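The values are calculated or read from the model by the stated rules, or taken from the named source; none is laboratory data. What you see is a predicted model, and the numbers here were worked out from it, not measured in a lab. FYI the Cβ positions are ideal-geometry reconstructions off the backbone, even for glycines, and counts take in every protein chain you see. Keep in mind that these areas ignore ligands, DNA and RNA; they rest on the heavy atoms of the full protein, side chains included. Shrake-Rupley method; radii C 1.70, N 1.55, O 1.52, S 1.80 Å.
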Amino acid sequence: MSDEKLTPRNVDFSEWYNQLVLKAELADYAPVRGCMVVRPYGWALWENIQATLDKRFKVTGHVNAAFPLFIPMSFLEKEKAHVEGFSPELAIVTIGGGEKLEEPLVVRPTSETVIGHMYAKWIKSYRDLPVLINQWGNVVRWELRTKLFLRTLEFYWQEGHTAHATEQEAREETRRMLGVYADFAINEGAVPVIQGIKSETEKFAGAVQSTSIEAMMGDTRALQSGTSHFLGQNFAKAFNIQYLDTNNTLQYVWTTSWGLSTRFIGAIIMTHGDDQGLILPPRLAPIQIVLIPIYKNDAERSAVMPVVERIKAELAEFRLKVDDRTEVTPGFKFNDWEMRGVPLRIEIGPKDVEKGTVAMARRDKPGREGKSFVPQAGLSRTVGMLLDEIQASLLARATTFRDSHIFDPKDYAELTEVVQNGWAYSYWCGDNECEAKVKEDTKATTRCIPLEQKEEKGKCIVCGKNAKRKVYFARAY
RNA sequence: CGGGGUGUGGCUCAGUUUGGCUAGAGCACGCGGUUCGGGACCGCGAGGUCGGCGGUUCAAAUCCGCCCGCCCCGACCA
């Protein structure tokens, strides 16, 4: 139960976040450093994320499977860039059943290698393609600095792994799934995201090209909220994933991988939350409506409760909880459910029973502004409309916030300033050195080259050389 | 791994500087009662190897040494 006020966001955003995650009972610190326990309320949110994403994966033709947690060390070593990228953060099992293992086993940091191995066994002919498999699971990356949901040693995610006959098909798949992520983030999470291409230094270890959806958090820092990679034939060649084409010629497949993790819960928290606590988008909220009966004695209670029960039944299509705890006051419950981000609160007291109304409070508008009295008649429709309105207003608010913190600096000096409290959208020549200079000077990195941009010519904001593309520079999580 | 901070009931902390009675408070928890439309109140109660190990001392939460955890900042990252 939440008992105290949060540190305000503008005092210490990071502290606000930590307190919120604990007080809203989304997660807790585990006994092992850097690991978290996802608590039932947080997991319920993740289940809703899973459900809506999984539906989209099925619509785009994917099927689920499960691959093992342990991967032979030698598998990772087969793809040079891959092992170089991941080796510093591997957890490695060297003892099993009390005996030293002949070959160490890596706890998967991602599954390209083991899945590549299996695809090599399964794929023989062009008739076997494409292979469109997704897996829901956990992975381990031995991170040095951790933060609940955003970066923990172990995290939960889905990883899609596909194999295709042609480069074009694989490139299309990469973009299709990035689009699925963007659609999910925007329409389910109300988190506005920008789809774009990662720079060479920011791309996935082993990818030819990485793409991502990038979101702006409430402190203006960027959060990579989902990624989709075109892996070319890198893993196909490392694992000998070959097929016979229609001309009976042996060809390497083209593969992709794409993932979205429990980090997205962090994105939701830091996009929508306020000083009262969490604000959940109605479409993903485990509890969409909390119903609070108000009474001060048995007579009032017996008048109120039947109405509460009736309204609960009328609103059965929504995810609704009746908070009938007797040990805490209504005022406490208001704050408690606001901390947990429930989008709508309905209060039913003696006056409402008398007048045929309910008191309705929407989470996205704090205080009196968000509170109104509405008739009990037609409540289901009212509630449905309100939830849609909250969903839309959260997205609109986050989009306005983001857009008002994206700047187009005139020169490098201005860039170094704007990235302290926002993103810079500037021409970039594509040179690693320019990227590194910005990082060194400001801690801001390139986030992505957005897919949707006109091909225009400009001068690199750093070196002044000719540039064809604009990129977002931002401090990132 | 470098820098900084911190560790005392479940939580937040006081006590440590200057060693000395039975280690305290608030919140949370349990019981009883009064409350209940924006974080209620009263009474009673339970709960502690003072992060760990070692040392100094008649005596250590307090002084000394080593170790460990956690948080923040940096290098690495979904």
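The fraction of accessible area contributed by carbon and sulfur in chain A is 51 percent, rounded to a whole number (1.4 Å probe; ligands and nucleic acids excluded).
Taking the helices alone, chain A has a mean residue ellipticity at 222 nm of -11000 deg cm²/dmol, built from -39,500 (n - 2.57) per DSSP H run of at least 4 residues and averaged over all its residues. Which part of region A:345-366 falls in the paramagnetic zone of A:ALA313, meaning amide N under 19 Å from the point 7 Å along Cα-to-beta-carbon? Zone members listed by number: A:348-349, A:353-354, A:356-358. Computed over region A:289-386, the P(r) curve from all C-alpha pair distances, binned at 10 Å from the origin, holds 15, 54, 29, 1 percent per bin. In terms of distances greater than 23 angstrom between alpha carbons, the cross-link table entries A:LYS58/A:LYS147; A:LYS147/A:LYS365; A:LYS121/A:LYS203; A:LYS365/A:LYS443; A:LYS351/A:LYS371; A:LYS55/A:LYS312 yield A:LYS58/A:LYS147; A:LYS147/A:LYS365; A:LYS121/A:LYS203; A:LYS365/A:LYS443; A:LYS55/A:LYS312.
In percent, what relative contact order does region A:141-296 have, based on Cα pairs under 8 Å that are 6 or more apart in sequence?
Values: 271 pairs, mean separation 41.3, N = 156.
The value is 26 percent.
In order along region A:247-259, the phi-based Karplus estimate (6.51 cos²θ - 1.76 cosθ + 1.60, θ = phi - 60°) of 3J(HN,Hα) comes to 8, 6, 9, 6, 10, 7, 7, 10, 10, 9, 8, 8, x Hz; Gly and Pro are listed as x.
Return the FRET efficiency for the residue pair A:GLU300, A:ARG176: r is the Cβ-Cβ distance, R0 is 45 Å, and the value is rounded to the nearest 0.05. Walk me through the numbers on the way to the answer.
On the way: r = 57 Å, r/R0 = 1.26.
For A:GLU300 and A:ARG176, the calculated efficiency is 0.20.
Here region A:128-204 is treated as an ellipsoid with the same Cα gyration tensor; its semi-axes, largest first and in whole Å, are 25, 18, 14. Under the shape rule built on the C-alpha gyration tensor, where the axes satisfy a ≥ b ≥ c, region A:378-450 is prolate, since a/c reaches at least 1.5 and a/b is greater than b/c. For region A:1-61 versus region A:228-268, the inter-centroid distance based on Cα atoms is 30 Å.
Any idea how far the Cα center of region A:414-477 sits from the one of region A:281-299, in Å? Computed from Cα coordinates, the inter-centre distance equals 47 Å. Taking the square roots of 5 times each eigenvalue of the Cα gyration tensor of chain A, largest first, gives ellipsoid semi-axes of 44, 28, 22 Å. Computed over protein heavy atoms with a 1.4 Å probe, the accessible surface of region A:264-305 works out to 30 Å² per residue. Summing Cβ point charges (Lys, Arg +1; Asp, Glu -1) relative to the Cα centre of region A:13-272 gives a dipole of roughly 120 debye. Averaging Cα coordinates gives a centre for region A:185-219 and one for region A:306-359; these two points are 39 Å apart.
Multiply the residue gap between A:VAL93 and A:ARG56 by 0.36 nm, knock off their C-alpha separation, and tell me the result in nm, one decimal place. Numbers along the way, then the final one.
Values: separation 37, 0.36 × 37 = 13.32 nm, distance 3.55 nm.
Here the answer is 9.8 nm.
Accessible area per residue for region A:20-70, computed on protein heavy atoms with a 1.4 Å probe, is 49 Å².
The share of Cα pairs per 5 Å bin across region A:1-136, counted from zero up to the longest distance, runs 2, 8, 11, 12, 14, 15, 14, 11, 7, 4, 2, 1, 0 percent.
May I ask you to compute the full-extension gain from A:CYS463 to A:PHE70, defined as 0.36 nm times their residue separation minus their alpha-carbon distance, rounded to one decimal in nm?
Difference between extended and current length: 136.9 nm.
Each residue, A:LEU451 and A:LYS371, gets one label point 7 Å from its Cα in the Cβ direction; the gap between the two is 4.5 nm. Based on Cα contacts under 8 Å between residues 6+ apart, chain A shows a relative contact order of 14 percent. Pairs of Cα atoms nearer than 8 Å and 6+ residues apart set the relative contact order; for region A:406-474 it is 39 percent.
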